[in-house]
Structure formats: structure tokens, C-alpha cells
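Dropping the structure in here first, questions after.
The values are calculated or read from the model by the stated rules, or taken from the named source; none is laboratory data. Fair warning: this is a prediction, and the values are worked out from it, not measured in the lab. A quick note on method: Cβ atoms are made from the backbone with ideal geometry, for glycine too, and the neighbour counts reach across all protein chains shown.
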Amino acid sequence: MREDRTKERVANTALWLKWEQELSEYIKNFERCQKANRRNGKAQGLLQYIEEPKHPWETINMDWVTGLVPGGKGNLNACMIIVDRFSKSVNLEVYFTYPNRPQLSYK
């Protein structure tokens with residue numbers, strides 16, 4: 001149950017001095033919530049803002065899709081996806097698994 005719903009229910013039935021503060025502390029330390037909200041591993045760092053590009057192809061996003069069913073000339077089974085962040089245009093390049101550097105520079 002969310003904290004605001006719990007506070008609403010308590011406010012309808014009972015009030016005392018510093019009740020919101022005490023209730024927030026109780027909810028924060030509630031055992032069932034602690035188990036449900038458990039974090040595994042190292043704490044994540046802060047996100048860094050990426051500036052909006054001012055020109056086409058100034059900033060791109062790139063990703064690979066692999067393990068596709070082979071098809072076409074050369075049984076191509078991988079795709080490199082390039083997205084221009086300015087215009088949102090998408091370019092697709094197909095390959096046989098991961099290309100080596102000469103293959104990438106040739107395109």
C-alpha cells in the first residue's frame with residue numbers, strides 16, 4: 001500500500017501530535033516493505049542528462065539485434081539500428097552476426 005493511502009486511512013481514524021512524521025518513519029522501517037523493496041547489488045549512480053542535439057546526426061543512439069532467423073544474401077542474422085536523436089530517423093544495417101571493423105568502415 002502506498003504511503004499516502006496509509007496516511008489517509010490513519011487520518012480518518014486517529015490523530016496525535018507529530019502523527020505524520022511518526023507514521024512516515026514507521027512505514028519506512030516496516031519489515032514487509034523492506035523485503036519487497038530490497039535492492040540487490042551496488043547502488044546505482046545518478047543519471048546524467050544528455051543535451052538535446054541542435055543539428056541532425058550530432059547525437060545518435062545505436063543498438064544491435066542479433067540471433068535473427070538467417071535470410072537474404074549471405075544468411076544475414078543481425079541488425080545494427082542507428083537513430084538520429086535530432087530528427088528521430090532510423091537507419092538499419094544488416095550483417096552476419098557482429099561485423100568486424102573493416103565491415104563497419106566499408107558501409
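Scan segment 1-16 for residues that are assigned to a helix (DSSP H, G or I) and not polar (S, T, N, Q) and jot them down.
E3, D4, R5, K7, E8, R9, V10, A11
Can you tell me which residue is nearest to F86 (Cα to Cα) among those in segment 12-58 that are at pLDDT below 80 and surrounded by 12 or more Cβ atoms within 10 Å (Cβ to Cβ)?
C33
Looking at the structure I just gave you, is F96 among the hydrophobic types (A, V, I, L, M, F, W, C), in contact with a Pro (Cβ under 9 Å, 6 or more places away or on another chain) and modelled with pLDDT under 80?
Taking the combined requirement at face value, the residue satisfies it.
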